[in-house]
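One structure is given below, encoded as structure tokens.
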């Protein structure tokens with residue numbers, strides 16, 4: 001298989017296991033590219049990509065932009081603040097105006113779940129979901145799974161716990177879908193108030209005791225508390241949350257085995273994870289950042305290649 005089965009990357013839900021493995025194989029190639037002296041390839045020369053961010057973003061936006069430039073694409077950056085969106089312009093009007101500038105691909109982050117799916121039904125360009133509300137964040141899940149594969153060799157049979165604010169996280173749901181497709185066992189851990197009831201129907205374990213979860217797992221993916229999405233209090237205080245579900249070096253060292261620590265960022269140091277853990281040898285947080293660029297290069301390349309219907313785009 002040399003092409004993706006989908007035209008857009010709207011969510012992990014819509015990818016096959018073969019799609020994910022193809023993305024990983026392509027990512028291996030692009031990791032070699034970004035670690036050599038000359039880091040650019042002409043793969044997407046003459047392809048124009050619009051980055052549409054209707055929500056604030058630093059790491060994901062920078063990662064996509066760097067990936068696009070490494071592939072020699074022409075890049076248009078759009079931010080909702082200061083744009084006509086603030087004057088009442090609709091999503092379709094905004095995108096159609098951008099597409100009239102002959103844009104081939106759209107990378108979009110939007111606060112509404114399903115925004116990318118809605119857009120894919122109205123425009124012809126390839127769409128990559130860079131996060132839609134509390135729904136999915138597919139490239140984050142891909143880079144998380146790729147990082148685990150890089151460290152442990154494969155994901156089949158590996159035990160991964162996702163800890164923290166599951167209710168408001170788009171990373172959690174994408175990770176669950178991705179890890180399950182690759183044969184990993186998945187658990188979520190956090191306060192009862194921050195784990196949606198429907199997670200019990202996803203075929204995963206649910207735990208409310210962090211130490212039990214850490215003893216069970218091979219990998220712990222620590223999510224931040226998304227206070228900006230919370231309109232009511234889901235736990236008494238950040239201090240109490242940190243005492244119950246925060247990971248510190250003492251807890252990490254008390255385990256009978258070494259586990260891998262992931263974090264999608266940004267880190268709230270001292271809340272869900274301490275600086276000692278974030279900067280420890282068991283942490284793969286910086287490797288996740290590096291892998292994020294390569295994963296996004298692979299996704300952009302494969303979607304553009306699929307649109308070309310086999311004409312071929314040189315690596």
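The values are calculated or read from the model by the stated rules, or taken from the named source; none is laboratory data. Treat the numbers as computed from the prediction; the structure is a model and nothing was measured. Virtual Cβ from ideal backbone geometry, glycine too; neighbours counted across all protein chains shown.
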Would you point out which residue out of 265, 246, 270 is farther than 30 Å from residue 46 by Cα, modelled with pLDDT under 95 and in contact with a helix residue (DSSP H, G or I) (Cβ under 6 Å, 6 or more places away or on another chain)?
265
Of the residues in the stretch 39-84, how many are modelled with pLDDT of 80 or more and assigned to a loop (DSSP other than H, G, I, E, B)?
17
I'd like the residue in the stretch 8-38 that is assigned to a loop (DSSP other than H, G, I, E, B) and modelled with pLDDT under 95 and, out of all such residues, is surrounded by the fewest Cβ atoms within 10 Å (Cβ to Cβ).
37
If residue 42 satisfies every condition in (1) in contact (Cβ under 8 Å) with a residue 60 or more places away in the chain; (2) surrounded by 18 or more Cβ atoms within 10 Å (Cβ to Cβ) but one, which is the exception?
(2)
Does the stretch 85-107 include one or more residues that are assigned to a helix (DSSP H, G or I), at pLDDT 90 or above and surrounded by 17 or more Cβ atoms within 10 Å (Cβ to Cβ)?
no
Any strands (runs of 3 or more DSSP E) falling wholly within the stretch 118-228 and containing at least 1 residues that are in contact with a helix residue (DSSP H, G or I) (Cβ under 7 Å, 6 or more places away or on another chain) and either surrounded by 24 or more Cβ atoms within 10 Å (Cβ to Cβ) or touching a residue at least 60 places away in the same chain (Cβ under 8 Å) (or both)
126-132, 159-163, 185-189, 219-222
